[in-house]
Amino acid sequence: EFVDQFTFTRFEPQGAVADIAEFMTLADGASAMFATAFDHIDAAFVAALPDSVKLIASIGVGVDHIDLAAAKARGLAVTNTPEVTTPCLADAAMGLIIAACRRFREGLAIAGTGEGRGMLTPESWGVRVSGKTLGVVGMGNVGKAVAKRARAFDMEILYAPPRPSAEIDREFSARAVSLDELLRAADVIPLHCPLTEKTRHLIDAAAIEKMKPSAVLINISRGPVIDETALVAALKSGRLFAAGLDVYETEPGEIREELRALPNVFCLPHIASATMESRSGMVMRTLANMNAWFETGAPPDRVV
């Protein structure tokens, strides 16, 4: 329906857009622009947009790459694509939980040498996932989907911040606790909170000090939620058992070498939503938002 109603101009770039001015020339006359989570849309970018642009349709759940205050002040609408990625994000989180707990990173390295029997001594063994306590930081759509999967592993579920929900407690046999209590009690801590000024470096040296030395930290939310300098120090010293990461504080730059070199860190290159189902769903949701904007001015996933 969207494609039938609107005409697209095909632009074949010779390379990356060199600067904001070139993009703004291309955007002049357009009513909406499309953005990804890897596009940094700050106040200067928003201010430079042509007057014709009224909508920023972002593909992805997080909107921390967009200066929402600047967009709101200018009267721009901003949309995202929630929910369609939830199952795949939760699958990825569970995969990282298993990989980090069972030290698959080290096992893969040994198997790569051709060795068929490795990790035979106690210092190289992993820890069991089933029966452990899962502490979900951010019990939104993804957090709940991870909790649902964790119940199949007979895990006890804690969640924070403490916004008690009788429905969540009943469905997952879960318990809302303070962040401090969660950090002290949980064996596995997956982060599913958005990146805001309040959650930036939420997991710092002080937070890590509260965790069990046997704890495993998982992050598929946003890299800067963790102070990676503190994380590296804890993993090196044995203050933390392991970590499973799909996002990094240094994005869009390279993963810190000292982080990816650690044997007790299982790293993925920001691929939690990289499935055919998620990516196609994200595209269709973006188009639906744009279509609704043009038709009614009320896109269903409006953030601003």
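The table that follows gives values for the structure above.
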item	result
Which numbered condition residue 225 fails, given (1) out of contact with any Ser or Thr (no Cβ under 9 Å at 6 or more places or on another chain); (2) surrounded by 21 or more Cβ atoms within 10 Å (Cβ to Cβ)	(1)
Of all residues making up segment 33-59, the number that are under 26 Å from residue 86 (Cα atoms), out of contact with any Pro (no Cβ under 9 Å at 6 or more places or on another chain) and not aromatic (Phe, Trp, Tyr)	9
Test for residue 232: is it of a type in the set (Val, Ile, Thr), free of Cβ contacts under 8 Å to residues at least 40 places away in the same chain and under 24 Å from residue 84 (Cα atoms)	no
Cβ pairs under 7 Å, 6+ apart, first in segment 49-70 and of a type in the set (Ser, Thr, Tyr), second open to solvent by less than 10 Å² (accessible area, probe 1.4 Å) and at pLDDT below 95	58/35
Selected residue (only one of 46, 146 is in a helix (DSSP H, G or I), touching a residue at least 40 places away in the same chain (Cβ under 8 Å) and β-branched (Val, Ile, Thr))	146
Residue 166 vs. criteria without any contact (Cβ under 8 Å) to a residue 60 or more places away in the chain and either surrounded by 14 or more Cβ atoms within 10 Å (Cβ to Cβ) or within 30 Å of residue 66 (Cα to Cα) (or both)	no
Subset of segment 241-265 [aromatic (Phe, Trp, Tyr), touching a strand residue (DSSP E or B) at 6+ places or on another chain (Cβ under 7 Å) and open to solvent by less than 40 Å² (accessible area, probe 1.4 Å)]	none
The one condition in (1) open to solvent by less than 20 Å² (accessible area, probe 1.4 Å); (2) farther than 30 Å from residue 300 by Cα; (3) out of contact with any Leu (no Cβ under 6 Å at 6 or more places or on another chain); (4) not aliphatic (A, V, I, L, M) that residue 135 fails to fulfil	(3)
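The values are calculated or read from the model by the stated rules, or taken from the named source; none is laboratory data. Everything quoted here is computed from the prediction, not taken from an experiment. Quick reminder, even Gly has a Cβ in these numbers, built from the backbone with ideal geometry, and neighbours come from all protein chains shown. Accessible surface areas use protein heavy atoms only, side chains included; no ligands, DNA or RNA. Shrake-Rupley method; radii C 1.70, N 1.55, O 1.52, S 1.80 Å.
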